[in-house]
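Report on one structure; see the data block that follows.
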Ligand code: CA
């Protein structure tokens, strides 16, 4: 059973989200401020965190940064909740490396779709455990990633994105297909999500970031390796 931590000081929202997640079969843990949220995340290591940005004690960004710095929580996917129309918040959240975000008010159904899409893409896929392409090696079971045989940190989303492209080398992947595959939905407003993740991914790959090519008018492509 997947465990989900909700960090949200507005109890009616936390309860509503919690109720819907429990009903969908998830185990729910709640924290009502940033300090408690950080502690619980580090201690419990949930499978996913729903993190509100406006929190007493310690704001959501600060919680998020700490969790991403700590080896125990670095790979836990995070969905950020932002206040309505605060576009800046949203962009900052994605640039900080959140896996997804929702703008309040949102419907429980919308949240559920995001949660399911993220957990589906972080689920281990038994069978073909290791996949190697060029300088990249993916351990699909543990979601560990190696760059030139050195362990490197990728978020679950970045892992999935790069793996998807590497499994289709030399074939440009359409933006909408990437959004649908990795995020579970696609529409124009999420274009920015894709680009932000790609930018961050390339930075993490350093000089090997050049393997990931932008294909104008289509999307992205991983270069074909020399035979
Ligand atoms: Ca709040």
Options 176, 141: the member that is in contact with a strand residue (DSSP E or B) (Cβ under 9 Å, 6 or more places away or on another chain) and in a loop (DSSP other than H, G, I, E, B)
141
What number of residues within segment 181-194 are part of a helix (DSSP H, G or I) and surrounded by 15 or more Cβ atoms within 10 Å (Cβ to Cβ)?
6
Where residue 176 falls short, out of the listed (1) surrounded by 13 or more Cβ atoms within 10 Å (Cβ to Cβ); (2) at pLDDT 90 or above
(2)
Hey, residue 35 hits all of (1) modelled with pLDDT of 90 or more; (2) within 21 Å of residue 108 (Cβ to Cβ) but one; which does it fall short on?
(2)
Residue 92 - would you say it is over 26 Å from residue 222 (Cβ atoms), part of a helix (DSSP H, G or I) and modelled with pLDDT under 85?
yes
Count, please, the residues in segment 1-11 that happen to be closer than 20 Å to residue 156 by Cβ and within 16 Å of the ligand (Cβ to nearest atom).
3
Answer from 66, 39, 44 - the residue that is closer than 29 Å to residue 152 by Cβ, touching a helix residue (DSSP H, G or I) at 6+ places or on another chain (Cβ under 7 Å) and either touching a residue at least 40 places away in the same chain (Cβ under 8 Å) or away from the ligand (no atom under 12 Å from the Cβ) (or both)
66
Can you pull out every residue in segment 144-173 that is farther than 17 Å from residue 221 by Cβ and loosely packed, with under 14 Cβ neighbours inside 10 Å?
148, 149, 150, 151
Step by step: first the residues of segment 54-63, then only those that are part of a loop (DSSP other than H, G, I, E, B) and over 19 Å from residue 102 (Cβ atoms), then the one that is nearest to the ligand (Cβ to nearest atom). Which residue is that?
56
Could you say which residue among 162, 194 is over 19 Å from residue 48 (Cα atoms) and either at pLDDT 95 or above or in the same structural domain as residue 102 (by TED's automatic domain parsing) (or both)?
162
Among the residues of segment 12-33 satisfying the criterion of being in a helix (DSSP H, G or I) and near the ligand (Cβ under 10 Å from one of its atoms), which is surrounded by the fewest Cβ atoms within 10 Å (Cβ to Cβ)?
13
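The values are calculated or read from the model by the stated rules, or taken from the named source; none is laboratory data. For clarity, every value in this text was computed on a predicted model and none was experimentally measured. Ideal geometry is used to build each Cβ from the backbone, glycine not excepted, and the neighbour counts take in all protein chains shown.
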